[in-house]
Structure formats: structure tokens, C-alpha cells
Amino acid sequence: MDGRHTAASTFAACVAHLAGAPAAEVPLDAGELRLWLGERGLGLVPVEDAPSFSWAGPWIAHRPSREDGEPRAVVMFGVPSGPIWDPAGTKDEVLDGFVLAPLDVATWTPAAAGEAGTGVVEALVLAPAAEAQTVTVQEAVATPAGLEGDRYAAGAGTFASGRAGSALTLVDAEVLESLGRDVDHRRNVVVRGTDLNALVGREFTLGEVRCRGRRLCEPCAHLDRLNDGGILRPLVHRGGLRADIVDGGTIRVGDQLTPR
């Protein structure tokens, strides 16, 4: 790196400015940035007509650099909007824009995360391929790629493998019981006694395996379809946790989940 501003570096700096985070913590890669924001309950919403957009609050625009004409990010504000922070020095033309928004405002307000609590593994669930029938096992070998025998460890899942939070998914047994029906939840680990939402951004152990919670494992239309409908709404903010496997080993039914 030559220390010069880039579109990615200025965008990350603007996100940090709005999120109140150190700039060095914000990923430059777009996919990693989305995951980083997801851990904080945030997302980026594209602006449809950015050149004419006005917003009584801060938003991020790309404008041409005065140095080389290439896009650089700035923080905009107001009705009409103008730049309030321009880290690279840009021209007045707005190329595109994004609003940094909470993933949920009030519809399903998540409960405040308290102590996660120590839980216990009640079930381990694997599926060899996307949409394949799941099987329950008494123990599973965990590696940074996922659980051996599961589709995401093999790169054969419905969604991409190898991304942060793709290696392991967990769900609360009490949440499943509250649905009042058998559900093909597609999560790897069923636990009881732990507030999984409180583990976002935190490390924990499953037996001998060290993990890090990345973001909520929210339900989606794909999961709803696999269950013939009726579970999308009840699982909002209750669909479990996505996690990375930091140090591998064997996870067994009956192992403790212990926050670190």
C-alpha cells in the first residue's frame, strides 16, 4: 500500500465515521464489511437517485476525486445535502449513495443482550448437501471450514462457504419448542440454556472447540419454503447464531457451551 486514498479506504473511513468505530476496524472488502455491519445490527441501503437525494441525517456518497477523477467516498448531510466530511478531496458530482441504517427499527425490537449463560449441546445436525435430508449425530469433528460431513464444510451448501459466520450455526432448543411443530431448522447445533443473541461478537467454547459469534442467523425465504411456510415471522431475531470455528476439535452431545 502506498498510503493513497482509494474508493474502498474512503468508504470504510466514512462507515467508521458514522458508526463511531475506529477506521482500522472497518474491513475494506465489501463482503467482509457487510458481515462487520451485520454484527452491529446495521446495513447499507443503496440510494436510488443519489444526485437528487436529500436526507435530514448523514449518508455516504461517492464523488469523483479532484486528484484523478476516480470515485471516493464522502459523508453527506442535510436537505438539500452537502458534504460534511470529505477525506480525499472530491468534486461536487454525486455518483451514487448509501444510507447506513439499522436492520430493524421497531417492528421486532431485539431484547437487550444480557449475560449469555452457560448452555448444553442437545443435538448435532448435519446435511451432506444443499436441501439434503439432515441427520443427527452424537459427535462431530469441527474445523475452521465447518463440521466434517456437513455441506458447508464441503462447499456444497445453498449459500457460499468460507465466509465469516458460515462455518457453524446454532439454535436455541426452547425457540424450536415454541414453534409448536417439527421444523427443519437446518442449524448445526441445538443448545439449551444460552442466550445466543448475546454471543454476537463474542468468543465461546463448545466442549473443546473455540468459536466466535459473528451475527444472528436470521430466517429467510429459503428456510420458510423448505418448511412449507409459517416460520419466517416467528423466527425473526430468534433464528440462532452464525459463528466461526477458531480452534477445532470434537463437539459432542452433552458438551457445555461456555462464553469466554
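Since every read-out is calculated from the coordinates, none of them should be taken as a lab result. Nothing here was measured: the structure is a model prediction, and the numbers come from that model. In this analysis, Cβ positions are derived from the backbone assuming ideal geometry, glycine residues included, and neighbour counts consider all displayed protein chains.
The helix-based estimate of mean residue ellipticity at 222 nm for the chain, built from -39,500 (n - 2.57) per DSSP H run of four or more residues and divided by its residue count, is -4000 deg cm²/dmol to the nearest 500. Packing-based ranking of 38-46, 140-148 yields 140-148, 38-46, ordered from highest to lowest mean Cβ neighbour count within 10 Å. Between the range 1-67 and the range 169-199, the alpha-carbon centres lie 34 Å apart.
Between the helical axis of 30-39 and the longest alpha-carbon principal axis of the chain there is an angle of about 60 degrees. Across the range 119-259, the relative contact order, built from alpha-carbon pairs under 8 Å that are at least six residues apart, equals 33 percent. Around the amide H of S81, modelled in the peptide plane, lie the amide H atoms of W55, all under 5 Å away and 5 or more residues distant in sequence or on another chain.
Using Cβ point charges alone (K and R +1, D and E -1), the dipole size of the chain about the Cα centre works out to roughly 160 debye. In order along the range 222-237, phi translates into HN-Hα couplings of 4, 5, 4, 5, 5, 10, 6, x, x, 10, 4, 5, x, 9, 4, 6 Hz, rounded to whole numbers, per the Karplus curve 6.51 cos²θ - 1.76 cosθ + 1.60 with θ = phi - 60° and x for Gly and Pro.
Helix 7-19 and the longest principal axis of the Cα set of the chain meet at an angle near 70°.
Determine the shape class of the range 30-72: with a ≥ b ≥ c the square roots of the Cα gyration tensor eigenvalues, call it rounded for a/c under 1.5, and otherwise prolate if a/b is greater than b/c, oblate otherwise. Oblate. Structural descriptor for the range 7-102: relative contact order 32 percent, calculated from alpha carbon pairs under 8 angstrom and at least 6 residues apart.
Annotation: the residues S9, S54, sorted from fewest to most other C-beta atoms within 10 Å of their own C-beta, follow the order S54, S9. Need one word for the range 7-102: rounded, prolate or oblate. Basis is the Cα gyration tensor (sqrt eigenvalues a ≥ b ≥ c); a/c below 1.5 gives rounded, then a/b vs b/c decides. Since a/c reaches 1.5 but b/c is at least a/b, the shape of the range 7-102 is classed as oblate. Packing, as the average of other Cβ atoms within 10 Å across residues, places the peptides 207-219, 157-169 in the order 207-219, 157-169, highest first. Comparing W59, W85, W36 in a Gaussian network model of the chain, where Cα atoms under 10 Å apart are tied by springs, the biggest mean-square fluctuation is seen for W85.
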